[in-house]
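Working notes, beginning with the structure itself.
The values are calculated or read from the model by the stated rules, or taken from the named source; none is laboratory data. Since this is a predicted model, take the numbers as computed values, not measurements. In this analysis, Cβ positions are derived from the backbone assuming ideal geometry, glycine residues included, and neighbour counts consider all displayed protein chains. Each accessible area value is taken on the protein alone, full model and side chains, heavy atoms only, with ligands, DNA and RNA left out. Shrake-Rupley method; radii C 1.70, N 1.55, O 1.52, S 1.80 Å.
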Amino acid sequence: MEQLRSTDREIYELIKLEEKRQFDKIRLIASENYVSSAVLQATGSVLTNKYSEGYAGKRYYEGQQVIDQVERLAIERAKDLFGAEHVNVQPYSGSPANVAVYFAFLNPGDTILGMALPHGGHLTHGAKVSISGKYFNAHSYSLSRETGLIDYEEIRAKALACRPKIIIAGHSAYPRIIDFERFRAIADECGALLMADMAHFAGLVAGGAHPSPVDSADVVTTTTHKSLRGPRGAMILCKERYAAAIDKAVFPGIQGGPHNNSTAAMAVAFKEAATDEFKHYASQVVENSRILAETLIGHGFTLITGGSDNHLLLVDLTSKDIGGKPAAQTLDRAGIVVNYNAVPFDPRKPTDPSGIRIGTAAVTSRGFQEKEMRQVGEWINAVISEPQNDHLISEIAEDIAVFCRDFPPPGLTLP
Ligand SMILES: *Cc1c(COP(=O)(O)O)cnc(C)c1O
């Protein structure tokens with residue numbers, strides 16, 4: 001980054017600081033990851049210079065000889081990776097991808113049914129503050145109060161009562177796998193389209209460590225930068241019969257020119273995700289999550305649903321007598337980065353909820369395995385047991401920075 005350094009010292013220094021932070025800390029934000037150097041290079045390439053409104057072979061500007069090939073390659077790889085009939089790789093990110101699906105199939109005021117935000121649904125699944133909740137008649141389903149699990153009977157009853165045009169299966173904080181066939185049956189029974197949002201677990205699907213929604217759902221949306229370990233971006237996978245509607249909704253419906261540099265980086269990530277190495281990665285992510293769950297439960301932590309079978313854990317800290325926010329802030333000072341998160345039926349405010357969300361996608365990319373995950377669990381327990389002990393917190397932060405040196409993440413150089 002020599003050129004950047006001489007052109008803009010401030011931004012250069014900030015990027016270096018962030019690189020150091022990503023190196024020295026244990027990153028357990030469930031939506032984050034480390035992309036490879038190859039993905040970073042494609043993201044930072046001259047493809048950012050090109051405008052390509054339209055689709056391969058049907059563009060509005062000339063000069064698409066190369067870009068058309070890049071986008072076709074990204075699409076073909078995505079189709080192969082997920083077994084999809086049609087893929088649109090142009091959405092700028094996960095939220096616009098979801099809005100594009102609504103724009104393709106709904107009129108303002110139409111009914112949708114998604115997981116409630118405080119139960120692990122995404123903002124774009126019908127939350128009141130989001131366009132999805134303002135422009136549409138959004139109904140939501142919750143998790144079972146007893147088990148913390150998806151209650152398919154409740155979803156069925158709600159769907160039959162509110163008759164949604166779209167049912168959304170997917171989440172940002174649910175630690176278990178989803179039964180997409182159950183969702184399919186409910187959608188069929190009430191005449192709804194089934195949209196699966198696999199933003200969080202797409203990498204596990206690609207690596208064979210989570211059931212795929214692609215056959216069951218009419219439309220599948222996903223980000224590419226979470227467990228899938230690609231650049232920031234998103235895509236929509238769908239049945240051939242919806243291809244035209246989806247493409248039209250993305251462009252010219254809600255977007256202009258695609259981000260070709262991201263498209264290229266996605267293609268690289270899909271190639272990486274099709275390897276045996278990535279399969280191994282995906283199963284290790286789940287295994288690491290299971291081990292961390294076991295370690296925390298051993299220290300008396302309460303896990304929503306009692307464990308995890310994907311990349312994430314949702315911890316209810318009520319029994320530890322600390323709120324999610326102070327816990328997350330103290331853990332960050334100790335070098336462990338998580339986010340505070342509501343738990344199902346949380347009695348506390350969304351801005352200071354009862355839980356934290358933990359994900360294992362990023363640490364698995366840097367090579368953490370069983371032994372390391374047990375150590376992470378010990379550190380989390382130590383911090384949460386004595387959040388006021390500043391001496392202990394800074395000692396752990398130092399230990400973690402040293403510990404992390406042995407696990408250089410993809411894409412980063414030793415600071
Ligand atoms: C992260 C996420 C999104 C949105 O992705 P952005 O790229 O942040 O807009 C959509 N749906 C779900 C389920 C997510 O977890």
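For the reader, a short list of remarks on this structure follows.
- Here the range 40-273 is assigned +1 on the Cβ of each Lys and Arg and -1 on the Cβ of each Asp and Glu. Its dipole about the Cα centre then comes out at about 440 debye.
- Cα gyration tensor, the chain - rounded (a/c under 1.5), prolate or oblate: oblate
- Listed peptides 268-274, 308-314 by packing density, highest first (mean Cβ within 10 Å): 308-314, 268-274
- Amide H contacts for Ala334 (H built 1.01 Å from N in the peptide plane; partners 5 or more residues away or on another chain; cut-off under 5 Å): none found.
- Placing +1 on the Cβ of every Lys and Arg and -1 on the Cβ of every Asp and Glu, with nothing else charged, gives the range 276-404 a dipole about its Cα centre of roughly 340 debye.
- Heavy-atom SASA rank of Arg241, Arg348 (probe 1.4 Å, accessible area, largest first): Arg241, Arg348
- Directionally averaged shadow of the range 115-155, computed from the convex hull of its alpha-carbon atoms, nm²: 2.8
- Of all complete DSSP H helices in the chain, those with a Cα span along the helix axis of 18 Å or greater and a mean Kyte-Doolittle hydropathy of -0.5 or more are 65-82, 260-273, 276-298, 370-385, 390-405.
- Residue-averaged [θ]222 nm for the chain, counting only DSSP H segments that reach four residues, each worth -39500 (n - 2.57): -13000 deg cm²/dmol
- Taking all protein chains as shown and a probe of 1.4 angstrom, Phe278 keeps an accessible surface of around 10 Å².
- Heavy atoms of Arg184 accessible to a 1.4 Å probe, total area in Å² rounded to 10: 40
- Within the same chain, lysines fewer than 8 places from Lys320 are excluded, and of the rest, those with a Cα less than 26 Å from its Cα are Lys25, Lys349, Lys371.
- Heavy-atom accessible surface of Tyr51, to the nearest 10 Å², is about 130 Å², with a 1.4 Å probe and all protein chains retained.
- Farthest toward the positive end of the dipole of the range 140-271, out of Asn261, Leu143, Phe251, is the Cα of Asn261, where the dipole comes from beta carbon charges about the Cα centre.
- Residues with amide H under 5 Å from that of Asn341, placed H, sequence gap 5 or more: Gly355, Ile356, Arg357
- Most tightly packed first, judged by the mean number of other beta-carbon atoms within 10 Å of their residues, the peptides 19-26, 58-65 read 19-26, 58-65.
- Taken about its Cα centre, the chain carries a charge dipole of roughly 840 debye when the Cβ of each Lys and Arg holds +1 and the Cβ of each Asp and Glu holds -1.
- Accessible carbon and sulfur surface of the chain relative to its total accessible area, %, 1.4 Å: 53
- Amide H contacts for Arg176 (H built 1.01 Å from N in the peptide plane; partners 5 or more residues away or on another chain; cut-off under 5 Å): Asp309.
- Calculated accessible area for the chain comes out at 42 Å² per residue, all protein chains present (probe 1.4 Å; ligands, DNA, RNA ignored).
- The range 339-344 - phi-based ³J(HN,Hα) in whole Hz, Karplus 6.51/-1.76/1.60, Gly and Pro as x: 10, 6, 8, 5, 9, x
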